[in-house]
1. Compute the relative contact order of segment 159-228 as a whole-number percentage, counting only Cα pairs closer than 8 Å that sit 6 or more residues apart in sequence.
2. Subtracting the Cα-Cα distance from 0.36 nm times the residue separation, let me have the gained length for Trp228 to Asp89 in nm, one decimal.
3. Hey, got a sec? Which GluC sites (Glu not before Pro) in segment 245-274 land in a DSSP loop and have at most 16 other Cβ atoms within 10 Å?
4. Could you tell me whether segment 1-98 comes out rounded, prolate or oblate from its Cα gyration tensor? Rule is a ≥ b ≥ c as square roots of the eigenvalues, rounded for a/c under 1.5, then prolate if a/b exceeds b/c, otherwise oblate.
5. Is it possible to state the helix-based mean residue ellipticity at 222 nm for the chain, with each DSSP H run of 4+ residues giving -39500 (n - 2.57), the sum divided by total residues, to the nearest 500 deg cm²/dmol? What is it?
6. Using a Förster radius of 30 Å, what is the FRET efficiency between Leu167 and Asp117 based on their Cβ-Cβ separation? Nearest 0.05, please.
7. Using the crude model of +1 on Lys and Arg Cβ and -1 on Asp and Glu Cβ, and no other charge, please compute the dipole size for the chain relative to its Cα centre, in debye to 20.
8. Past 29 Å, Cα to Cα: identify those pairs from Lys147/Lys262; Lys19/Lys74; Lys90/Lys234; Lys5/Lys26, in the order given.
Amino acid sequence: MKRLKVGICQIKVVEDKEKNIENAEKMIREAVRNGSQLIILPEMFNCPYENKYFPLFAENYPGKTTNALSNLAKTLGVYIIGGSIPEKDKDIIYNTSYIFDKKGNMIGKHRKVHLFDVDVEGGIKFKESDSLGYGEKVTVVDTEYCKIGVAICYDMRFPELMRLMALEGAEIIVVPAAFNMTTGPAHWDILLRARALDNQVYFIAASPSRNMEAAYHAYGHSSIVNPWGEIISKADENECIIYGEIDFEKIKKVRKELPLLKHRRTDLYELYKK
Ligand SMILES: NC(=O)CC(=O)C(=O)O
């Protein structure tokens, strides 16, 4: 049975788009030299995570960042889930993840559907909807390995969205994400493990590293969780690449032994997509 080697680039994002793209390229090349076949970047990997920067760093598709990712995917012969970037479409900016196959084709894109509008007493306050528009789609892409669900950060807090992906056949869910120092220590591990367990998938979350010079301090701790809920690879807060292997037999085994998806009482309740 095929296995899939995954590399997550926990990039340090700075206030210079060119430098962020160059750094991503360097890290992607290193991940591929170390055997990765699927490379995943963090949320807003080319732009600091702050409302004031999104319009300044936004680009139309195709643009500088997406061209760079497409060329890399093609040259290196790998899949790339390009974290996310601010995407400009007419007058609206979206928080968008682009996904490229081994030939450099863009095989899917996800616009963050749940915007991070929160105000935690004594902690994080953020209102993404001040600068960003809402995505409207559930995203599952087909690859030669399996179907992969893609969502962005706050999206992972909505189990319905993740379950829809599993019901559409996703065996891996990838979430570029930038939790912070309020919610990260409290919720990150729990959410990742719960979503992996709920849906019996490999759940992969890719964060930027923590940059103490930035206004928003990302939690880091990019991780890969297997369908049994075990964290099989995990970063600290620093810039690094972490690696892991997707074992498709493991997904089958867990789903056979504990048939959660089959045991749903769809005669009592149902989940549907509008
Ligand atoms: N930044 C986000 O979108 C989400 C987040 O930090 C959280 O849910 O916590």
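1. Details: 115 pairs, mean separation 24.6, N = 70.
Taking the mean separation of contacting Cα pairs over the length of segment 159-228, I get 35 percent.
2. Details: separation 139, 0.36 × 139 = 50.04 nm, distance 3.95 nm.
Full extension from Trp228 to Asp89 adds 46.1 nm.
3. Details: sites: Glu245, Glu249, Glu257, Glu270; in loops: Glu270.
In loop regions of segment 245-274 (DSSP not H, G, I, E or B), the sparsely surrounded GluC sites (Glu not before Pro) are Glu270.
4. On the way: a/c = 2.16, a/b = 1.82, b/c = 1.19.
Taking the square roots of the gyration eigenvalues as a ≥ b ≥ c, segment 1-98 is prolate.
5. Details: 6 runs with 70 residues, N = 274.
So the calculated ellipticity at 222 nm is -8000 deg cm²/dmol.
6. Numbers: r = 27 Å, r/R0 = 0.91.
Plugging the Cβ-Cβ distance into 1/(1 + (r/R0)^6) gives 0.65.
7. Values: 39 positive and 38 negative charges, 199 e Å.
Here the chain has a charge dipole of around 960 debye.
8. Values: Lys147/Lys262 19 Å; Lys19/Lys74 21 Å; Lys90/Lys234 38 Å; Lys5/Lys26 18 Å.
Listed pairs above 29 Å: Lys90/Lys234.
Read-outs: derived from the displayed coordinates by stated rules, not from any lab. Being a predicted model, the structure only gives us computed values, none of them experimental. Here Cβ is always computed from backbone atoms with ideal geometry, including for glycine, and neighbour counts include all displayed protein chains.
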